[in-house]
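Read the structure below first, then the notes.
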Amino acid sequence: MFNRLLLYLELVRMEFVNNLAYRSFYFTGILNYSIQIGAYFFLWDAVYVGNRVIGGLDREAMITYVIIAWVVRSFYFSNLDRRVGTDIRDGKIALELIRPYSYQMVKYARSFGEAAFRMFFFAFPAGAAIYLIRPFTLPVGWDSVAMFVAAVLGAFVINAQISMIAGFAVFFTKSPTGVYKAKRVIMDLLSGLLLPISFYPGWAREIIQLLPFQAVSYLPNMIYLGKIRGAAAFEVLLLQVFWIAVLGFLAHLFWRFAVKHVVIQGG
Amino acid sequence: MKLIEARGLTKEFRIFSRSEGVMGAFRDLFHRKYRVLRAVDEIDFAVDRGEMVGYIGANGAGKSTTIKMLTGILVPTAGTVTVNGYVPHKQRESYTKGIGVVFGQRSQLWWDIAVIESFKLLRRIYDVPRADFNRRLQQFDDILGLSSFLNLPVRKLSLGQRMRCDLAAALLHNPAILFLDEPTIGLDVLAKSKIREFLKEINNEFKTTVILTTHDLGDIEALCPRVAIIDQGKMLYDGLVDNLFSQWGQDKLEDIVKRIYMGQKPEPGLAGGGVSLV
């Protein structure tokens, strides 16, 4: 058990170091994110003409929301769905079956190594740079900071689990790109990355609240903004734990099915 | 107690057969037709500790499918299999600690990182004590000559170098059984002989059981006293290579195997005593 933990930590470290070798890849990423954040900044700046309050957020809160949402996304985002999907499509998953470890844990560990790299070399510098150009609201108190950090970690796990399940879905559809695109659109819309959930009409909000996606972006952002504090913030963390358990169970079922029905090319 | 014991081992694949034309494609949306392919058909197979067995067959004969069932990758449709005291597909995580697998067609090492980093990670994965790890690595290096490219990433290695690394990687944890699926595919004569020499030495020193599929009968002649021949999922022959020669009265293994693949039987009267064509 302890040995396995060491192995997964080693994988986190390895992926982190590995990513250092591909720095140029991240420069294009930084450009991409700058354009996204810039575009949304001007969009919301235009929408908030006058002193309006939409969906419980004023102009300043909205701009902070957009910046935080994208900076945090640069941390939790991963290509896990593509990696798992490729493993399944190319039959590489067979090679993973001959190893005495948990395939999913290995994937999560490597993803986390990548996320840690993105945090240090991407999210922190980007956040600081943006703050210098256009100061945004900082958290109202240390309790908000602590809860926000915990919620972002939860967001990473939930996003990784959803990606894992999307990757396993390739097993059924045999059309990976469709799955990846669908997952991306669903995540962008229902997590609150593009639009805070409070902007949606009532019926849509009621549905979204029953789904795990809002725990990835919307709820952590609201904790950052101080709109969710104290006991309510703690409830968000509990909700995340609940979804981690449910999604973990689902992913386990998918994995069991995939292993049983693994089909590999070749005599 | 045999190290590997399979009885009535069978694997069927369901293959979706597409109907022709536009109407056919439309029909397939609602009603899919499947055809069942029996890749491995009730094979009995037993191997003792320390044996080196060659497993050959034409393309698509069912070799790799058998290996994949023995290694726990595929779940058999029917039959039983125990290897090293485990049921491979059921006790995967404990079972795989005691085996090594090499697929000639694809590397199991991490593509982008230095070979030595892959090895170190494998040490963690298999919980190999550091002293054992260093000793074995030294020994593999002596025979295979790895040291010159241990610090290169796998993507920069030649096929021969990669294969040597893959072999070393599969043996770092001193497994009881080594499964090799076409380990010499695409290699030059020198690389081949190096790998054969290495396998012989490993088998000799550690009593590692080796199961090897190949299309190169030179591998069999150099390494395996015993050969199993499979065609269309059925075991055609399982016995000593020497007996094949006396059965067929030929002096080239290649000719014999060709005839077996073509479905011919040895001429009666030539068959040596105690030899069975399964």
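Here are some notes:
- Among the trypsin sites (Lys or Arg not before Pro) found in segment A:151-254, those both in a DSSP coil and sparsely packed, with 12 or fewer other Cβ atoms within 10 Å of their Cβ, are A:174.
- Length released on extending from residue A:204 to residue A:79, taking residue separation times 0.36 nm less the Cα-Cα span: 42.2 nm
- Kirkwood radius and radius of gyration were both taken over the C-alpha atoms of chain B, and their ratio Rg/Rh is 1.02.
- Of the residues A:156, A:124, the one with the fewest other Cβ atoms within 10 Å heads the list, and the complete ranking is A:124, A:156.
- Here the extension length gained between residue B:204 and residue B:255 equals 15.4 nm, from 0.36 nm per residue of separation less the Cα-Cα distance.
- If you take the alpha carbon atoms of segment A:91-153 and fit the smallest convex hull around them, that volume is 120 Å³ per residue.
- Cross-linked pairs B:68/B:97; B:68/B:265; A:107/B:120; B:192/B:265; B:63/B:156; B:2/B:265: Cα-Cα separations exceed 20 Å for B:68/B:265; B:192/B:265; B:63/B:156; B:2/B:265.
- Using Cβ point charges alone (K and R +1, D and E -1), the dipole size of chain A about the Cα centre works out to roughly 580 debye.
- Taking segment A:116-142 and a reference point 7 angstrom along Cα→Cβ of residue A:32, the backbone N atoms nearer than 15 Å belong to A:118-119, A:122-123.
- Based on DSSP H segments of at least four residues, each scored -39500 (n - 2.57), the protein assembly as shown has a per-residue ellipticity at 222 nm of -17500 deg cm²/dmol.
- Cα-based Rg / Dmax (Å) for chain A: 19.4, 70
- Kirkwood Rh and Cα Rg combined as Rg over Rh, evaluated for the protein assembly as shown: 1.07
Rule-based calculations on the coordinates, nothing more; no lab input. Quick caveat, the model's predicted, so the values are computed rather than measured. Every residue, glycine as well, gets a Cβ built from its backbone with ideal geometry; the counts of neighbours run over all protein chains shown.
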